1. If you count only protein heavy atoms and use a 1.4 Å probe, how large is the accessible surface of W226, to the nearest 10 Å²?
2. Using the Karplus curve 6.51 cos²θ - 1.76 cosθ + 1.60 with θ = phi - 60°, what ³J(HN,Hα) values do you get for each residue of region 257-265, in whole Hz, with x for Gly and Pro?
3. Report, in listed order, any pair from K100/K267; K100/K144; K166/K261; K99/K261; K100/K281 with a Cα-Cα distance greater than 20 Å.
4. Sequence-distant or interchain residues sharing an amide H contact under 5 Å with F277, placed H: which?
5. Multiply the residue gap between K321 and A210 by 0.36 nm, knock off their C-alpha separation, and tell me the result in nm, one decimal place.
6. Suppose R0 equals 22 Å. What FRET efficiency, 1/(1 + (r/R0)^6) with r the Cβ-Cβ distance, do T185 and A306 give to the nearest 0.05?
7. List, in order, the whole-Hz ³J(HN,Hα) value for each residue of region 183-191 obtained from phi through the Karplus relation with A = 6.51, B = -1.76, C = 1.60 and θ = phi - 60°; use x for Gly and Pro.
8. Taking the full set of protein chains and a 1.4 angstrom probe, give the accessible area of S147 in square angstrom, rounded to the nearest 10.
Amino acid sequence: MAGSGGLGGGAGCGQGAGAGPGAALRAPRAPLLLAALVLGAYCLCALPGHCPPASRVPMPAPAPAEPPCVARRPGAPVLPVASGPGRRRFPQALIVGVKKGGTRALLEFLRLHPDVRALGSEPHFFDRWSLMPRTLDGQITIEKTPSYFVTLEAPRRIHSMSPDTKLIVVVRNPVTRAISDYAQTLSKTPGLPSFRALAFRHGLGPVDTAWSAVRIGLYAQHLDNWLRYFPLSHFLFVSGERLVSDPAGEVGRVQDFLGLKRVVTDKHFYFNATKGFPCLKKAQGSSRPRCLGKSKGRPHPRVPEAVVQRLRDFYQPFNRKFYQMIGQDFGWD
């Protein structure tokens, strides 16, 4: 289907390239008649049972699960036919954000559910068209890419694929989230300027919203863009703080939202005091409990209280607007 301009894919019998009506009127009658006879013979031969066996080129049989060409919305990605059990599907639910909010933890917790199939990494399906895992009937496919929530084009692309997609947003106190974001970058880029130098212009001047660590926390602004394409009922907002303090409770809400039986419960978690984070108790067939990697629960750099307070004051009106938009107060102020 690559390179086809319409929903049908290939050209049918009688579709010529570059021959407009004017050219047909100017053409001599004899060549036209000959061309019509040749084209008619070709179309007749293309019908099953109308060509001798020696003149037909064997063609591979199409996969039974997918027709050769499937009508789809313009711009929507095309998934290859899967081999083996199950088949690849568009994700029915997406964890769209936010970075350093707890999205990886939520994904790992949900993967305990037998009716959930998801890739462990961030596939960026809607900007790199990577493959989805195969799922069986009754399972749902979930993708997690936190950058979607702050990507301007993501809502339109997702809506063009499926306007019924369920959207999960894991949010966290934007000040704590920004510091965690900085800590992650600092671990990869030693010698980075201080958090204060990046968060403010001219010392403790205006907050620099051009810095992504600050901009991501403007949840109300990002949600405005999503609500142009999806109704609020398609969203579930998960508390990153409660994923730590009450993982079973938050994951229970997510299971309800996805229409899944509450399989993942308290019995699956224990609190790791060293990491300051909930971990998964050893699963069936595993020899030990499983925690997220070293990058999860890393210590934050010390940020002066004056800097923290300035950011709290800055985010307060945005937080209040966000609470009003979704009808849920996270108590960050």
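1. W226 has an accessible surface of roughly 0 Å² with all protein chains in place.
2. 4, 7, x, 9, 5, 6, 8, 7, 9
3. Pairs exceeding 20 Å: K100/K267; K99/K261; K100/K281.
4. Here N272 satisfy the definition.
5. Contour length minus Cα-Cα distance gives 37.9 nm.
6. Numbers: r = 22 Å, r/R0 = 0.99.
Here the calculated transfer efficiency is 0.50.
7. Once rounded to whole Hz, the list reads 4, 5, 5, 4, 5, 9, 10, x, x.
8. 40 Å²
The values are calculated or read from the model by the stated rules, or taken from the named source; none is laboratory data. What you are looking at is a predicted structure, and each value in this text was computed from that prediction instead of being measured. Positions of Cβ are generated from backbone atoms using ideal geometry, with glycine treated the same way; all protein chains shown enter the neighbour counts. Areas reflect the complete protein model, heavy atoms only, side chains present, ligands, DNA and RNA absent. Shrake-Rupley method; radii C 1.70, N 1.55, O 1.52, S 1.80 Å.
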